[in-house]
1. Do any residues in the range 172-200 that are within 22 Å of LYS251 (Cα to Cα) and modelled with pLDDT under 85 have Cβ atoms under 7 Å from those of residues that are among the charged types (D, E, K, R) and open to solvent by 60 Å² or more (accessible area, probe 1.4 Å), where the two are at least six apart or on different chains, and which pairs are they?
2. From (1) in contact with a helix residue (DSSP H, G or I) (Cβ under 7 Å, 6 or more places away or on another chain); (2) in a strand (DSSP E or B), pick out the condition that doesn't hold for ARG506.
3. Of all residues in the range 476-499, count the ones that are without any contact (Cβ under 8 Å) to a residue 60 or more places away in the chain, part of a helix (DSSP H, G or I) and surrounded by 11 or more Cβ atoms within 10 Å (Cβ to Cβ).
4. For THR283, are the conditions met, namely being open to solvent by less than 70 Å² (accessible area, probe 1.4 Å), within 22 Å of LYS361 (Cβ to Cβ) and not small (Gly, Ala, Ser)?
5. Can you go through GLY292, GLY319, GLY328, GLY304 and tell me which one is at pLDDT 95 or above and surrounded by fewer than 21 Cβ atoms within 10 Å (Cβ to Cβ)?
6. Which members of the range 374-415 meet the condition of being open to solvent by 10 Å² or more (accessible area, probe 1.4 Å), without any contact (Cβ under 8 Å) to a residue 60 or more places away in the chain and among the small types (Gly, Ala, Ser)?
7. Can you tell me which residue in the range 506-534 is farthest from LEU577 (Cα to Cα), limited to those that are acidic (Asp, Glu) and modelled with pLDDT under 95?
8. Sort out which residues of the range 80-120 are part of a loop (DSSP other than H, G, I, E, B), in contact with a Lys or Arg (Cβ under 8 Å, 6 or more places away or on another chain) and over 20 Å from GLU132 (Cβ atoms), and write them in order of number.
Amino acid sequence: MHVVGEELKEFVIDSGLVAKKDVDAAIDESKKRGQPLGDVLVSRGYLTEDALRRIQAYMLGIPFVNLKEHHIPIDILALIPEPIARTHNIIAFKKENDSLEVAMLDVEDLASIDSVRKKTGLKILPRLTDTESIKYALLQYQKSLKDEFGDIISTEAGKIRIISQDGKELSGEELKKMAEDLPIVRIVDTLLRHAIVQGASDIHIEPMEDEVLVRYRIDGILHDAMTLPPAAAAGIVARIKVLSNLKLDEKRLPQDGRFKMETESDRVSFRVSILPTFFGEKTVMRLLRETGEGFTLDVLGLHGENMERIHHALKQTTGIILVSGPTGSGKTTTLYTMLDILNRPDVNISTIEDPIEYQMKRINQTQVNPQIGFTFANGLRSLVRQDPDIIMVGEIRDNETASLAINAALTGHLVLSTIHTNSAAGAIPRLIDMGVEPFLLVSTLRVIIGQRLVRKFCEEKEEYVMDKVTRAKIASDAEFNAAFKALQDEKLVKTGSSLDDLRFYRPIPSAECEDGYKTRIGIHEVLAVSPTIREIILHSSTSDALEAQAKKEGMLTMFEDGLYKAARGITSLEEVLRAITE
């Protein structure tokens, strides 16, 4: 959209949206840089991109639509496939005769308009909209898909053929036929796609006495997704075994496998675990999105002193950086984010993982295979001979792997790894318990990151002030003061304010967010190994002593970081308490 700078200047000054002195300063900058005035006003924070779009639409006489005020029929929405709508920010919302009205962020994107015209055979009428409207419309795609998936599954479940009714065990050949039965194929395919659309991290398929329960783990919480008739159980498990290349007729022993699936917008790897239970075989599938967007430390939830400590450790050329926490706390994502920072043309990075969760360019990734004797320890021995500068070990779980990782750090490598402990300080006693000598830890450990994941609020949230009595029940004054000090250090609270002025928030459920939360963020504690911490490792090594000293040196505990994020309105106190006490 083209609006002359002089016209835009007069409009924003006359409307009072931007002060005249700020507009004059922006005009000077636009002349120096050769940029449009509107872009400079946005980059300086005087206008949002959406506000600029509305102004330009008004001045050019282009209709502006708020899609939140429109009920878009599913058949109209589906005229533009969801991947195209998401990539090109174009939504079909109204059709009359041979004309189709589309909402766009850029009505001068002629290539997208022409593409939609060719696909639909309709006359395209572009309308301007804002980013919130686009997000809202993209959610409608997901809702319509959910309904569609539910219909497909219920329809196909009624078509399942029961191959054996006499109570006998099905043979491998019968199971293979069942796995290739069209209704079973459609149910499994739809179930997997449904989980991807929902943003699930795990799928649980659980046989019961009179039904099959399907549950999805979304943002760390398990939700009932659907129930299927018990006749579907054997076929679904057989189908998943075929996809994962597992033994069809083995029902007494657990089996593990893996397969991949591509949708229009995602490439997902499924890690499969099958376990015999009383009513049949239970299947759990972990979804690993290979096309996930790149993260940064601040997007993960790191900030202030915590981030500085990690950046300082990443600048070292030797030593060990550890990430600790339980299963599903985001340790691997943190490791990959740090690898992304370190991934430069002048370094050789090699990893040994189980499994490879994300594929990264310019990084040599190797997966362990214990069945043929290729363990973390064996893989690490080979990696050291590959002339690496940086090594990532998926997990330190035994003395041999720990010893090799420490030797690698002592011989001039930077080593990144994870360890299963409840806190950052707890990683050191755990390593000593594995048989690692304290003097070796003192020589190699640089920083230990403890973390959990908490759910983030959607846009709507309710503010409240907590009284001192309630505050005392939740945490000590020292813990609240540590969080408050972090807010002060980062200039996120007003000068002169006190702990009593802190605002906290509660979730507000909505159509888009059923329980008021969507996506997750980390709460962290970052223990830097200082000279005093080294002395404690050598002489006492208790996690309490280590944590007490780290707090004296300014470490925010995970709980205090959770309080900090709750006071910033990112999450709720209830969510922090749930994550810490799990």
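1. GLY172/ASP249; LEU175/ASP249; ASP181/ARG161
2. Evaluating ARG506 over (1) in contact with a helix residue (DSSP H, G or I) (Cβ under 7 Å, 6 or more places away or on another chain); (2) in a strand (DSSP E or B) leaves (1) as the failure.
3. Number of matching residues: 5.
4. Numbers: open to solvent by less than 70 Å² (accessible area, probe 1.4 Å): yes; within 22 Å of LYS361 (Cβ to Cβ): no; not small (Gly, Ala, Ser): yes.
For THR283, the condition - open to solvent by less than 70 Å² (accessible area, probe 1.4 Å), within 22 Å of LYS361 (Cβ to Cβ) and not small (Gly, Ala, Ser) - is not met.
5. The conditions single out GLY319.
6. SER382, SER403, listed by residue number.
7. GLU512
8. Answer for the range 80-120, where residues must be part of a loop (DSSP other than H, G, I, E, B), in contact with a Lys or Arg (Cβ under 8 Å, 6 or more places away or on another chain) and over 20 Å from GLU132 (Cβ atoms): just ASP98.
The values are calculated or read from the model by the stated rules, or taken from the named source; none is laboratory data. Not measured: the values here are computed from a predicted model. Every residue, glycine as well, gets a Cβ built from its backbone with ideal geometry; the counts of neighbours run over all protein chains shown. Keep in mind that these areas ignore ligands, DNA and RNA; they rest on the heavy atoms of the full protein, side chains included. Shrake-Rupley method; radii C 1.70, N 1.55, O 1.52, S 1.80 Å.
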